[in-house]
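Below is one structure, written out as structure tokens, with a few remarks after it.
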Amino acid sequence: MAAHRFTRVLASAVALATLVSMAACGNSNSGSKGDADKAELVFWGWDSGNSMKQLIADFEKDNPGITVKFNSTGTASNTQTALTNAIAAGKGAPDVVMLEDPTVTQFAVTNDLVDLSAYGADKEADKFASGPWSKLQYNNKPYAMPIDSGPEMLFYNKAVFDKAGVDGEKIKTWDDYYEAAKKVRKTGAYMTNNSGSAMEYQPFTAQAWQAGAHPWKVDGEKITIDMTNDEGMKKYIDFQQKLIDEDLVNTQISNWSDEWNRSLNDGSLASLVIGGWMPINLMNGAPDQKGNWRVTQLPQWNEGDEVSAEDGGSALAITSQSKNQAAAYKFIQYMTLGNGAKTMSETGTFPALKSILNSDSFTDPNTESNKKTNEFFGGQNVNKILAEAAKRPVNEFQYLPYNAFAQTEFGDDISPAYGKKKTLKEAFTEYGKRLTEHGTQQGYDVTNNG
């Protein structure tokens, strides 16, 4: 096993070194705006919709003086590592980089991304859903533009719910969810899974976010950690502990594992609380449940509320090393505000742009893409439900400037609680200590309030 991991790490390292060297010839650590109409841009990112070739060709056709060289990083993690290496080297960063939303802050706080308000991006806030836009701000300035959105949703298997005597559309609160989980467990299935692994970090942040939690607050170089005394965190921890104690959640299965897909496909996992980008993953991972799955709005902590949160999401930023920042912003505008955003929404990306979310074409059940999705979801107009969620309000929430460490450490510290080796409160206390220690080592002024 160790040898296998080493081989994968070595392969990734080689790939990342190649990326940096390919970009190095065109960049240095002294960025400049450059010519907005003439440039050779280097763009790093991943291509989950297999549409990047067409997107770039369309952009270059509309902007004949600009060429875009796309270097596929394969994954968000690879992109982050490659950018970190280029920053450390002082050269080799691309002009435009795709990042997962939670990692934007860690590069913004070190001045390695461009403040896009210099190009008027701060005036575009109202054009995007509030959830993805809010994650890309540092010191109230945008350091990236959202590509997609991931409103947290409740996906459920109606066939399993019917067997348990549960009406998924009547789950309006987390108390309703808890009562439904007890009924589902009596059938032999589990309401959901949670092993406390690093793969469950994003759902954790989303659900804590919706609960109004502030497990950490970032104010420049000052960070406050509060894992167990914060009122929202207390609410989240108490609820999760109840699910663990009463065996209402399968603690042996991690998100995105083979066992996870098998359990979704055989009906032994009855629901998921996860981002609105999940439909295509269910269609691919649970094909035997075609027609059984449904989607509905996220349960609320207070009946009558309509508070949402974001799970995942990606964005485009300009690196401070870029010498072609004006042209780079023109490309970002095309991808997030222009025709590129429309193309991506048609190839499986859940949009962040309100004009698309509000468009008749996006929710038209007769488009080929929507027909296929809606058939899998038993005839629901899935995009209509997701679009409603994306337009719901969100609480204020921040991510740590060392988000990658926070995600890895989450799995190390929180998984023992799901294995019933300690309480969840004890696990989060330890997690807070580790985050405090790491932040201090990184040079931040960190206070741990619990």
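Things to note:
- Test: Met153 is assigned to a strand (DSSP E or B) and under 25 Å from the mean Cα position of the chain (by Cα): yes
- 1 or more residues among the hydroxyl-bearing types (Ser, Thr, Tyr): qualifying strands (runs of 3 or more DSSP E) within segment 22-122: 66-72
- Looking only at segment 142-165, and only at residues there that are within 22 Å of Glu375 (Cα to Cα) and free of Cβ contacts under 8 Å to residues at least 40 places away in the same chain, the one that is least open to solvent (accessible area, probe 1.4 Å): Asp162
- In segment 88-125, the residue that is surrounded by the most Cβ atoms within 10 Å (Cβ to Cβ) out of those that are under 15 Å from Ser322 (Cβ atoms) and of a type in the set (D, E, K, R) is Asp95.
Matching residues to (1) open to solvent by 20 Å² or more (accessible area, probe 1.4 Å); (2) over 30 Å from Asp148 (Cα atoms); (3) aromatic (Phe, Trp, Tyr):
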site: Asn381; (1), (2), (3): yes, no, no
site: Leu386; (1), (2), (3): no, no, no
site: Gln407; (1), (2), (3): yes, no, no
site: Leu424; (1), (2), (3): no, yes, no
site: Glu430; (1), (2), (3): yes, yes, no
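- Segment 133-150: number of residues that are modelled with pLDDT of 90 or more and in a helix (DSSP H, G or I): 1
- Residue within segment 157-168 that is assigned to a helix (DSSP H, G or I), modelled with pLDDT under 95 and of a type outside the set (Ser, Thr, Tyr) present: no
- Candidate set: segment 53-86, residues that are β-branched (Val, Ile, Thr) and free of Cβ contacts under 8 Å to residues at least 60 places away in the same chain; chosen: the one farthest from Ala406 (Cα to Cα): Thr67
- Options Lys354, Lys371: the member that is at pLDDT 90 or above and closer than 21 Å to Asn157 by Cα: Lys371
- Matching residues, segment 172-199, being over 13 Å from Leu269 (Cα atoms), touching a helix residue (DSSP H, G or I) at 6+ places or on another chain (Cβ under 9 Å) and not in a helix (DSSP H, G or I): Ser195, Gly196, Ser197
- Residues satisfying the stated conditions in segment 267-293, i.e. open to solvent by less than 10 Å² (accessible area, probe 1.4 Å) and of a type in the set (Val, Ile, Thr): Ile274
- Of all residues in segment 96-119, those satisfying the criterion of being among the aliphatic types (A, V, I, L, M), at pLDDT 95 or above and closer than 12 Å to Pro142 by Cα are Leu113, Val114, Leu116.
- Residues of segment 286-337 satisfying the condition of being among the β-branched types (Val, Ile, Thr) and more than 18 Å from the chain's Cα centre (by Cα): Val295, Thr296, Ile318, Thr319, Ile332
- Among the residues of segment 392-405, the ones that are among the small types (Gly, Ala, Ser) and either open to solvent by 60 Å² or more (accessible area, probe 1.4 Å) or farther than 25 Å from Leu99 by Cβ (or both) come to 0 in all.
- Criterion applied to Thr296, Thr319 was being surrounded by fewer than 22 Cβ atoms within 10 Å (Cβ to Cβ), touching a strand residue (DSSP E or B) at 6+ places or on another chain (Cβ under 8 Å) and among the hydroxyl-bearing types (Ser, Thr, Tyr), and the one residue passing it is Thr296.
- In segment 178-209, of all residues being surrounded by fewer than 21 Cβ atoms within 10 Å (Cβ to Cβ) and within 13 Å of Pro299 (Cα to Cα), the one that is farthest from the chain's Cα centre (by Cα) corresponds to Glu179.
- Any chance Ala286 is within 30 Å of Gln80 (Cβ to Cβ) and touching a strand residue (DSSP E or B) at 6+ places or on another chain (Cβ under 6 Å): no
- Selection within segment 322-339 - among the small types (Gly, Ala, Ser) and surrounded by 24 or more Cβ atoms within 10 Å (Cβ to Cβ): Ser322, Ala327, Ala328
- When residues of segment 49-80 are limited to those that are modelled with pLDDT of 90 or more and hydrophobic (A, V, I, L, M, F, W, C), the one surrounded by the fewest Cβ atoms within 10 Å (Cβ to Cβ): Ala57
- Scanning segment 210-235 for residues that are open to solvent by 20 Å² or more (accessible area, probe 1.4 Å), within 17 Å of Ala406 (Cβ to Cβ) and either polar (S, T, N, Q) or at pLDDT 95 or above (or both) turns up His214, Thr224, Asp226, Asp230.
The values are calculated or read from the model by the stated rules, or taken from the named source; none is laboratory data. In this text, all values refer to a predicted model and were calculated from it rather than measured experimentally. Backbone-built Cβ (ideal geometry, glycine too); neighbour counts: all protein chains shown. Ligands, DNA and RNA are excluded from the accessible area calculation, which covers all protein heavy atoms including side chains. Shrake-Rupley method; radii C 1.70, N 1.55, O 1.52, S 1.80 Å.
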